[in-house]
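Chemist: This structure is in structure tokens; I'll ask about it shortly.
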Amino acid sequence: MNEKKKDLAFFVGMALLSIICLAPIAIVLINSFKGQFFISSSPFSLPDAKTFAGLSNYLGGVGKIGFWKAFGYSCFITVFSVCAIVLLTSMTAWMITRVKSKLSKGLYYAFVFSMIVPFQMVMFTMSKIANMLNIDNPIGIILIYVGFGSGLSIFLFSGFIKSIPVDIEEAAMIDGCSPIRIFFSVIFPILKPISITVAILNTMWIWNDYLLPNLVIGSNYRTIPIAIQYLQGGYGSRDMGALMAMLILAIIPVIILYLVCQKYIIKGVMSGAVKG
Amino acid sequence: MAQIIFENVTKIYPNNVKVIENLNLHFEDKEFIVLLGPSGCGKSTILRMIAGLESITSGKLFIGQKIVNDVAPKDRDIAMVFQSYALYPHMSVYKNMAFSLMIKKMPKEEIDKKVKNVAKILELTPFLDRKPNALSGGQRQRVALGRAMVRNPSVFLLDEPLSNLDAKLRTSMRKQISLLHKQLQTTFVYVTHDQTEAMTMADRIVVIKQGQIQQFDKPQVLYDKPANIFVAGFVGSPAMNFIEGELVCKDGKFWCVNENLTIDLTKIKCADKLPNLKDKKIIFGIRPEDISLSAADQKDGETFKASVLIAERTGAEVYLHLVVSNCEINSRVGSNADVKFGDKIYVKFDISKAHLFDSATGKAI
Ligand SMILES: Nc1ncnc2c1ncn2[C@@H]1O[C@H](COP(=O)(O)OP(=O)(O)OP(=O)(O)O)[C@@H](O)[C@H]1O
Ligand SMILES: [Mg+2]
């Protein structure tokens, strides 16, 4: 009886929490279907016959901010940054974990330390240097993302690689693999669950990032967050309806990615390789 | 042709941990060699040096006619079965076995033939499409063996391959590995700390203690003529009984004497060596099966009064834990023995099968 009460209380608590978390998104979603003048007058009501604006916010917004171009830049930067991060940091983490030397230990701590340096501390020098090196373009910014993404990614990969028995690599070595082959045929496939975790974390961050592209590539190559920003303020009135609609469009790809990848994040992929 | 020769091999791990010093060994081609010793004695280290997974600090290692100190593992023509099996978790059983052949770029049909053939021998055919995590311990074990077999190596290295299996499976896998050795006709080096495994499978056993070879010989020789007290105590189960004493000459006979017991050594095998060792501290060793029950005290220096601490019945035999005037002694007698806790009985030592060791050096006399 007592157990059941506890369960119920837990359930109610969790339900409240999730409502609090989801409410802002729900409000944005609701308002993206309202005519823009009703958004400020009745922000919390559901759209009715009078306030419902159909897809006009979406269609208008897409045109206004050059959505597809921004989408293209965002995709390009995110996809290539994330691929580069997963590939490069998993290799680095493998080396750092398996090679026992002062250098590898030093590298590890350098990467971990980079996680706690606030972005705001380095952002102006960094954008200045990016400018000097002529990497202030969509390709160059990938390099910068690899740098900023590597701390957490290497930390996560290293933790996982430590749990892979070295025996497996030694077996591959005896089976005739070169180190490169060991990595791609044996280690990288085993890393799949953590690779997906790393990919999702980095995708969400890079896709939504505003500050870094704003500082480095600015208005020449507008990514989605920057393009949306131009709906705010700027010339004349702000178009709240289009803004809401674009926000919804912006989060859809991340949600899809998460849903697709979720089933790959399975625990216990390692089980069975070595003794129980 | 794959003999293995260690010539003055020394292995020092980082931080100056000296594990193996001046190792000299010669394994013949096609031999089944077992490296036997307690945990941490350096068995795995020796095996891993043969595999090339561990560098050799100094000395020479030959496989076949070639020095292999600087040869990569993949070029040594060896296969290894790990204690942990070390299967590739993301590959099916089939791919686990085919992997090394795929790397060699062997034609697909040939790989298929080899893998299917090995799978048949090891009774793995129904599991070829499964991943390792969907197999039982014994099946995983066989996949690990199969992965080594398909390569047809000239040296087979096995590091405690049976230690994760239950007792029954272990017995049957023991048989299977022995058979495998007969079929494959290659050199096997097998690491274990289980003396039963060693005794049942080996052509020759290397007994190791703290990186030093204690004895290297056929199982029966190890059993009948242990070189020192360590080998005597390690080989055989239940273990040999040891009684400390002094070698005393009295009435023209030699005796092993301590404050509780006086054992007549007239019939002992090494009797001819005893005159030189008078008054030395010695250790008298006798195996449990060489102690039998006796009807009465014959007062002959071979029969002693004992009280039964525990009688363990295994079905076929009875293991007796006895106290013979303050010495604890194990004996192994037929199942018809009618003894129980607290009984006072007489036991007779078969002195002709007993061993003597020098107490100072531990060496056999
Ligand atoms: N990488 C290493 N660095 C330092 N010392 C090591 C290393 N590997 C093993 N040792 C030491 O070398 C000794 C022998 O190790 P080894 O693994 O060969 O023992 P083993 O006989 O196989 O034991 P077990 O039966 O427990 O497997 C041990 O004392 C161990 O602590
Ligand atoms: Mg070992």
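Chemist: Every residue in the range A:202-217 that is modelled with pLDDT of 90 or more and either in contact with an Asp or Glu (Cβ under 9 Å, 6 or more places away or on another chain) or charged (D, E, K, R) (or both), please.
Modeler: A:209
Chemist: Taking the criterion of being open to solvent by 10 Å² or more (accessible area, probe 1.4 Å), within 16 Å of ligand 1 (Cβ to nearest atom) and either within 14 Å of chain A (Cβ to nearest Cβ) or of a type in the set (Gly, Ala, Ser) (or both), would at least one residue in the range B:1-13 satisfy it?
Modeler: yes
Chemist: Cβ-Cβ under 8 Å, sequence separation 6+ or interchain: first residue in the range A:252-269 and within 14 Å of chain B (Cβ to nearest Cβ) and at pLDDT 60 or above, partner part of a helix (DSSP H, G or I) and open to solvent by 90 Å² or more (accessible area, probe 1.4 Å). Which pairs?
Modeler: A:264/A:192
Chemist: Taking the conditions exactly as written (more than 16 Å from ligand 1 (Cβ to nearest atom) and away from chain A (no Cβ under 11 Å)), does residue B:116 satisfy them or not? Talk me through it step by step, then tell me what you get.
Modeler: Working: more than 16 Å from ligand 1 (Cβ to nearest atom): yes; away from chain A (no Cβ under 11 Å): yes.
So residue B:116 passes the test.
Chemist: Keeping to the range B:216-254, report how many residues are open to solvent by less than 20 Å² (accessible area, probe 1.4 Å) and part of a strand (DSSP E or B).
Modeler: Residues meeting the conditions: 4.
Chemist: Restricting attention to the range B:89-101, which residues are in a loop (DSSP other than H, G, I, E, B) and either facing chain A (nearest Cβ under 7 Å) or basic (Lys, Arg) (or both)?
Modeler: Scanning the range B:89-101 gives B:89, B:90.
For every residue, the table says whether it meets (1) under 26 Å from residue B:192 (Cβ atoms); (2) facing chain A (nearest Cβ under 10 Å); (3) at pLDDT below 90.
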| position | (1), (2), (3) |
| --- | --- |
| B:51 | yes, yes, no |
| B:59 | yes, no, no |
| B:87 | yes, yes, no |
| B:103 | no, yes, no |
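Chemist: Quick one: how many residues across the range B:140-150 are within 10 Å of another protein chain (Cβ to nearest Cβ) and without any contact (Cβ under 8 Å) to a residue 40 or more places away in the chain?
Modeler: 0
Chemist: In addition: Select from the range B:335-365 the residues that are open to solvent by less than 10 Å² (accessible area, probe 1.4 Å) and assigned to a strand (DSSP E or B) and list them in ascending order.
Modeler: The answer is B:347, B:349, B:356, B:357.
Chemist: Counting just the residues of the range A:150-167 that are open to solvent by 20 Å² or more (accessible area, probe 1.4 Å) and away from chain B (no Cβ under 14 Å), which one comes out nearest to the chain's Cα centre (by Cα)?
Modeler: Residues of the range A:150-167 open to solvent by 20 Å² or more (accessible area, probe 1.4 Å): A:152, A:155-156, A:159-160, A:162-163, A:165-167.
Those still in the list that are away from chain B (no Cβ under 14 Å) too: A:152, A:155-156, A:159, A:162.
Values: A:152: 12, A:155: 16, A:156: 15, A:159: 20, A:162: 25 Å.
Among them, the one singled out is A:152.
Chemist: Taking the criterion of being away from ligand 1 (no atom under 14 Å from the Cβ) and within 14 Å of chain A (Cβ to nearest Cβ), would at least one residue in the range B:16-32 satisfy it? First the steps, then the outcome.
Modeler: Initially, the range B:16-32 is screened for residues away from ligand 1 (no atom under 14 Å from the Cβ), giving B:22, B:24-32.
So of that shortlist, the ones also within 14 Å of chain A (Cβ to nearest Cβ) come out as none.
For the range B:16-32, residues away from ligand 1 (no atom under 14 Å from the Cβ) and within 14 Å of chain A (Cβ to nearest Cβ): absent.
Chemist: So, in the range B:209-230, how many residues would count as being among the β-branched types (Val, Ile, Thr) and touching a helix residue (DSSP H, G or I) at 6+ places or on another chain (Cβ under 6 Å)? Reasoning before the result, please.
Modeler: So the first thing to find is which residues in the range B:209-230 are among the β-branched types (Val, Ile, Thr), and the list is B:213, B:221, B:229.
When the remaining residues are screened for being touching a helix residue (DSSP H, G or I) at 6+ places or on another chain (Cβ under 6 Å), the result is none.
Result for the range B:209-230: 0.
Chemist: Where residues in the range B:181-196 are assigned to a strand (DSSP E or B) and more than 16 Å from ligand 1 (Cβ to nearest atom), which of them is farthest from residue B:29 (Cα to Cα)? Steps first, answer last, please.
Modeler: If we filter the range B:181-196 for residues that are assigned to a strand (DSSP E or B), which is where we start, we get B:187-192.
Pick out the ones that are also more than 16 Å from ligand 1 (Cβ to nearest atom) and you get B:187-188.
Details: B:187: 6, B:188: 9 Å.
Looking at residues that are assigned to a strand (DSSP E or B) and more than 16 Å from ligand 1 (Cβ to nearest atom), I get B:188.
Chemist: For the range B:268-298, how many residues meet the condition of being farther than 21 Å from residue B:359 by Cβ and surrounded by 13 or more Cβ atoms within 10 Å (Cβ to Cβ)?
Modeler: 6
Chemist: Before we move on, is residue B:331 in contact with a helix residue (DSSP H, G or I) (Cβ under 6 Å, 6 or more places away or on another chain), at pLDDT 90 or above and within 21 Å of residue B:226 (Cα to Cα)?
Modeler: In short, yes.
Chemist: Would you call residue B:157 modelled with pLDDT of 90 or more, within 16 Å of ligand 1 (Cβ to nearest atom) and either open to solvent by less than 30 Å² (accessible area, probe 1.4 Å) or over 17 Å from the mean Cα position of the chain (by Cα) (or both)?
Modeler: On the way: modelled with pLDDT of 90 or more: yes; within 16 Å of ligand 1 (Cβ to nearest atom): yes; either open to solvent by less than 30 Å² (accessible area, probe 1.4 Å) or over 17 Å from the mean Cα position of the chain (by Cα) (or both): yes.
Against the criterion (modelled with pLDDT of 90 or more, within 16 Å of ligand 1 (Cβ to nearest atom) and either open to solvent by less than 30 Å² (accessible area, probe 1.4 Å) or over 17 Å from the mean Cα position of the chain (by Cα) (or both)), residue B:157 qualifies.
Chemist: Within the range B:105-140, restricting attention to residues that are at pLDDT below 90 and open to solvent by less than 10 Å² (accessible area, probe 1.4 Å), which residue is nearest to ligand 2 (Cβ to nearest atom)?
Modeler: So the residue we want is B:138.
Chemist: From the list A:11, A:67, exactly one residue is at negative phi, aromatic (Phe, Trp, Tyr) and open to solvent by 40 Å² or more (accessible area, probe 1.4 Å). Which is it? Steps first, please.
Modeler: Numbers: A:67 fails: open to solvent by 40 Å² or more (accessible area, probe 1.4 Å).
Sole residue among the options that is at negative phi, aromatic (Phe, Trp, Tyr) and open to solvent by 40 Å² or more (accessible area, probe 1.4 Å): A:11.
Chemist: Continuing with this model, one more query. Return the residue satisfying two criteria in turn: it lies in the range B:197-215 and is in a loop (DSSP other than H, G, I, E, B) and in contact with a Phe, Trp or Tyr (Cβ under 9 Å, 6 or more places away or on another chain), and of such residues it is farthest from ligand 2 (Cβ to nearest atom).
Modeler: Taking the range B:197-215 first, the residues in a loop (DSSP other than H, G, I, E, B) are B:202-203, B:210-211.
Narrowing the set further to residues that are in contact with a Phe, Trp or Tyr (Cβ under 9 Å, 6 or more places away or on another chain) leaves B:202-203.
Numbers: B:202: 17, B:203: 21 Å.
Here the answer is B:203.
Chemist: Filter the range B:151-164 for residues that are within 16 Å of ligand 2 (Cβ to nearest atom) and within 12 Å of another protein chain (Cβ to nearest Cβ) and give the result.
Modeler: Taking the range B:151-164 as the starting set, the residues that turn out to be within 16 Å of ligand 2 (Cβ to nearest atom) are B:157-164.
Answer for the range B:151-164, where residues must be within 16 Å of ligand 2 (Cβ to nearest atom) and within 12 Å of another protein chain (Cβ to nearest Cβ): B:157, B:159, B:160, B:161, B:162, B:163, B:164.
Chemist: Keeping to the range B:119-139, report how many residues are hydroxyl-bearing (Ser, Thr, Tyr) and more than 11 Å from chain A (Cβ to nearest Cβ). Quick ask: steps written out before the conclusion?
Modeler: Filtering the range B:119-139 down to residues hydroxyl-bearing (Ser, Thr, Tyr) leaves B:125, B:136.
From the residues that got through so far, the ones that are more than 11 Å from chain A (Cβ to nearest Cβ) too are B:125.
The number of residues fulfilling the criteria is 1.
Chemist: Restricted to the range B:18-45, and to residues that are within 10 Å of ligand 2 (Cβ to nearest atom) and more than 21 Å from residue B:226 (Cβ to Cβ), which residue is most open to solvent (accessible area, probe 1.4 Å)? Steps first, please.
Modeler: Of all residues in the range B:18-45, those within 10 Å of ligand 2 (Cβ to nearest atom) come to B:35, B:37, B:39-45.
Pick out the ones that are also more than 21 Å from residue B:226 (Cβ to Cβ) and you get B:40, B:44-45.
On the way: B:40: 76, B:44: 41, B:45: 13 Å².
Filtering first and then ranking leaves B:40.
Chemist: Considering only residues that are within 16 Å of ligand 2 (Cβ to nearest atom), touching a residue at least 40 places away in the same chain (Cβ under 8 Å) and in a loop (DSSP other than H, G, I, E, B), look in the range B:53-83 and name the one that is most open to solvent (accessible area, probe 1.4 Å). Walk me through it before giving the result.
Modeler: Initial filter on the range B:53-83 (within 16 Å of ligand 2 (Cβ to nearest atom)): B:53-54, B:80-83.
Retained after the next criterion (residues that are touching a residue at least 40 places away in the same chain (Cβ under 8 Å)): B:54, B:80-83.
Now restrict to residues that are in a loop (DSSP other than H, G, I, E, B): B:54, B:82-83.
On the way: B:54: 38, B:82: 9, B:83: 61 Å².
Restricting to residues being within 16 Å of ligand 2 (Cβ to nearest atom), touching a residue at least 40 places away in the same chain (Cβ under 8 Å) and in a loop (DSSP other than H, G, I, E, B), the top hit is B:83.
Chemist: Tell me which residues, restricted to the range B:33-49, are more than 14 Å from chain A (Cβ to nearest Cβ) and either within 11 Å of ligand 1 (Cβ to nearest atom) or aromatic (Phe, Trp, Tyr) (or both).
Modeler: Step one: of the range B:33-49, the residues more than 14 Å from chain A (Cβ to nearest Cβ) are B:33-43, B:46.
The answer is B:35, B:36, B:37, B:38, B:39, B:40, B:41, B:42, B:43, B:46.
Chemist: For residue B:316, indicate whether it is open to solvent by 70 Å² or more (accessible area, probe 1.4 Å) and small (Gly, Ala, Ser). Lay out the reasoning, then the answer.
Modeler: On the way: open to solvent by 70 Å² or more (accessible area, probe 1.4 Å): yes; small (Gly, Ala, Ser): yes.
Taking the combined requirement at face value, the residue satisfies it.
Here is a yes/no grid of residues against (1) touching a Cys at 6+ places or on another chain (Cβ under 7 Å); (2) more than 14 Å from chain B (Cβ to nearest Cβ); (3) crowded, with 16+ Cβ neighbours inside 10 Å; (4) not in a helix (DSSP H, G or I):
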position: A:113; (1), (2), (3), (4): no, yes, no, no
position: A:122; (1), (2), (3), (4): no, yes, no, no
position: A:125; (1), (2), (3), (4): no, yes, no, no
position: A:142; (1), (2), (3), (4): no, yes, yes, no
position: A:148; (1), (2), (3), (4): no, yes, yes, no
position: A:177; (1), (2), (3), (4): no, no, yes, yes
position: A:180; (1), (2), (3), (4): no, no, no, no
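The values are calculated or read from the model by the stated rules, or taken from the named source; none is laboratory data. Please read these numbers as outputs of a predicted model, since none were measured by experiment. Reconstructed Cβ throughout: ideal geometry from the backbone, glycine too, with neighbour counts over all protein chains shown. We work out accessible area using only protein heavy atoms, side chains counted, and drop any ligands, DNA or RNA first. Shrake-Rupley method; radii C 1.70, N 1.55, O 1.52, S 1.80 Å.
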